[in-house]
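Trainee: Here you go, one structure.
The values are calculated or read from the model by the stated rules, or taken from the named source; none is laboratory data. Remember, it's a predicted structure, so these values are computed and weren't measured experimentally. Neighbour counts are summed over all protein chains in view; Cβ atoms, including those assigned to glycine, are modelled from backbone coordinates with ideal geometry. The accessibility values were calculated without ligands, DNA or RNA, using every heavy atom of the protein model including side chains. Shrake-Rupley method; radii C 1.70, N 1.55, O 1.52, S 1.80 Å.
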Amino acid sequence: MQSFEYCSPTEIIFGKGAENKAPEKIKKYGGTRVMLVYGGNSAKSSGLLDRVKDILTDGGLEFTEIGGVKPNPRLSLCYEGIKKALDFKADFFLALGGGSVIDTTKAIAIGVANPETDIWDFWSGKKTPECTMPMGSILTISAAGSETSDSAVITNEETGKKAGINTPLNRPEFAIMNPELTYTLPRYQIACGITDIIMHTLERYFAHEEDNHFTDRVAEELIKNVVKYGRAALISRKDYVAMSELMWCGSVSHNGFTGLGRSRDFAAHKLGHELSGRFDVAHGASLATMWPSWARYVYQDNPERFAQYAENVWGVNSGTAEERARAGIRMTEEFFKEIKMPTCFSELGIGVQDDAVLEQLADMCTSGGTKKVAVFHPMDKADCLAIYKMANH
Ligand code: NZQ
Ligand code: ZN
């Protein structure tokens, strides 16, 4: 096991009616003037947005708002939010939504705390933020895990670059998780969420460090649980047990716990972010598209690790390590297909791409061919290109 330091400080308020505690928790973390951040339509049409505004008013909190966050959230809306929050003198930031809204909120909070700096300097790696403002979330989709993660991913729509930063500053003060708030999700978004939760675990599982048994078992059981309750959620969106399991697994999968003592790989995320940045496809769908090709490209680096995954998650217990490894990849791909996730470019809806486009994707992924990315199989531009080619059908 690698040495590690672990701190996941976000307070969790889980269960039916949890959103009613928002004012109490905001005040606990020093908030008096709140900026409420939300997405395109779902919170409005479900009536949740109005209910949350009433909750804040009844709790004696002043607030302003910014809506219209799109999936693959845009930098320009973050700038707008920062300006509005500074004018209003907001001292607390409340996200009402999923990963896109929460990441926008994290970016606005960092921007308000650093008004002299263009936040893209942080997201492009030119500068490192040293302070932020307090924030929390009311989660409406189980997927990205941003409600407890140290990460925030923003798309610069002018360049098509989707970039994330990881910093302890991104850990929210609290996360309000009421599984009933996810009952209105379209099945496609539930499936994208299931995929993302599995992938946050797999991207940490595939590393070469051995003798990390407890973390391995946590990861394997989490994936099995998400497969089981993901299937149940897709049959009935109002299954409280299924939605609760997905919600809690979504946070645990990405708060760092499922990868303790190992390095982080995140190859499929890096390959997928380029697809989302260029084609604006849903994050979970981009991961299902890239993972099977990535896995087939790299499994020979450590077939025993893939065989262990196949055996402990998918029950594959016969054949050589190589055969079990391949079976585990195939069963993961079949599960993605079962939940109607794409596993190649044409299923993703972007069609088969020219070599020139694949070349550009590989170039962006490796910062113009100057960097290797990921750790299980460090990928240079040629590796990324080969993997994109495998998915390009
Ligand atoms: O905009 P509205 O109308 O609200 O619709 C949203 C959106 O279209 C809808 N939705 C959310 N809650 C709903 C609902 N529809 C009906 N009922 C509800 N209760 O779902 C759609 C997707 O929302 P989004 O927030 O984009 O989903 P998700 O949570 O999957 O977040 C994806 C974003 O998070 C980033 C991704 O790259 C992507 O940009 N990620 C953030 C991470 C982090 N900060 O730790 C880690 C992840 O790996 C990921 O990269
Ligand atoms: Zn993800």
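Trainee: For the range 151-161, in order, what is each residue's ³J(HN,Hα) by Karplus, 6.51 cos²θ - 1.76 cosθ + 1.60 with θ = phi - 60°, in whole Hz (x at glycine and Pro)?
Mentor: Karplus-based 3J(HN,Hα) across the range 151-161 equals 10, 8, 10, 10, 9, 8, 5, 6, 9, x, 8 Hz.
Trainee: Which residues in the range 190-229 have a backbone N closer than 13 Å to a point placed 7 Å from the Cα of Glu338 along the Cα-to-Cβ line?
Mentor: Correct set: 224-229.
Trainee: Let me ask another. Asp87 versus Gln360, label points 7 Å from Cα toward the beta carbon: distance in nm?
Mentor: 3.6 nm
Trainee: Next question. Based on the Cβ-Cβ distance from Arg330 to Thr167, what FRET efficiency comes out when R0 is 45 Å, to the nearest 0.05?
Mentor: 0.75
Trainee: Return one number: the angle in degrees, 0 to 90 and rounded to the nearest 10, between the long axis of the Cα atoms of helix 303-314 and the longest principal axis of the Cα atoms of the chain.
Mentor: 60 degrees
Trainee: Also: Go through 354-362, 176-184, 228-236, 240-248 and give me the packing order, highest mean Cβ count within 10 Å leading.
Mentor: For the peptides 354-362, 176-184, 228-236, 240-248, the packing ranking is 176-184, 240-248, 228-236, 354-362.
Trainee: Now for a different question. Could you tell me the calculated FRET efficiency between Thr64 and Val352, based on Cβ-Cβ distance and R0 = 35 angstrom, to the nearest 0.05?
Mentor: Efficiency, rounded to the nearest 0.05: 0.15.
Trainee: Still on this structure, I have one more. Taking amide H positions as placed in the peptide plane 1.01 Å from N, state which residues far from Glu65 in sequence (5 or more) or on other chains have amide H under 5 Å from it.
Mentor: Counting only residues 5 or more places away or on other chains, the set is Leu36.
Trainee: First compute the accessible area of the chain with a 1.4 Å probe, then give the percent of it belonging to carbon and sulfur atoms.
Mentor: 50 percent
Trainee: Further question on the same structure: Using packing as a proxy for protection, rank 115-124, 278-287, 128-137 so that the peptide with the highest average count of other Cβ atoms within 10 Å comes first.
Mentor: The packing order, highest mean first, is 278-287, 128-137, 115-124.
Trainee: Further question on the same structure: Tell me, what is the per residue accessible area of the range 247-393 in Å², probe radius 1.4 Å?
Mentor: 37 Å²
Trainee: If each residue of separation counts as 0.36 nm, what is the full-extension length gain between Tyr240 and Lys127 once their alpha-carbon separation is subtracted?
Mentor: 36.4 nm
Trainee: Need one number: nm distance between label points at Ser8 and His393, each 7 Å from Cα along Cα→Cβ, rounded to one decimal.
Mentor: 3.8 nm
Trainee: Given the rule -39500 (n - 2.57) for each run of at least 4 DSSP H residues, summed and divided by the residues of the chain, what is its mean residue ellipticity at 222 nm, to the nearest 500 deg cm²/dmol?
Mentor: Calculated from helices alone, the mean residue ellipticity at 222 nm is -16000 deg cm²/dmol.
Trainee: Can you give the angle from 0 to 90° between the axis of helix 381-391 and the longest principal axis of the chain, with both taken from C-alpha atoms, to the nearest 10?
Mentor: Here the helix axis deviates by roughly 80 degrees.
Trainee: In whole Hz and in residue order, list the ³J(HN,Hα) couplings for the range 70-78 that follow from phi through the Karplus curve 6.51 cos²θ - 1.76 cosθ + 1.60, θ = phi - 60°; x for Gly and Pro.
Mentor: 9, x, 6, x, 8, 4, 4, 5, 5
Trainee: For helix 240-254, report the angle its Cα long axis makes with the longest principal axis of the Cα atoms of the chain; keep it between 0 and 90° and round to the nearest 10°.
Mentor: The two axes meet at around 80 degrees.
Trainee: So what's the net charge close to Gly15: Lys and Arg +1, Asp and Glu -1, counting the other residues with Cβ under 12 Å from its Cβ?
Mentor: Net local charge, Gly15 excluded: 0.
Trainee: For the range 216-269, build the charge dipole from Cβ charges (+1 Lys, Arg; -1 Asp, Glu) around the Cα centre, then report which of Ala233, Val252, His269 sits farthest towards its positive end.
Mentor: Farthest towards the positive end: Ala233.
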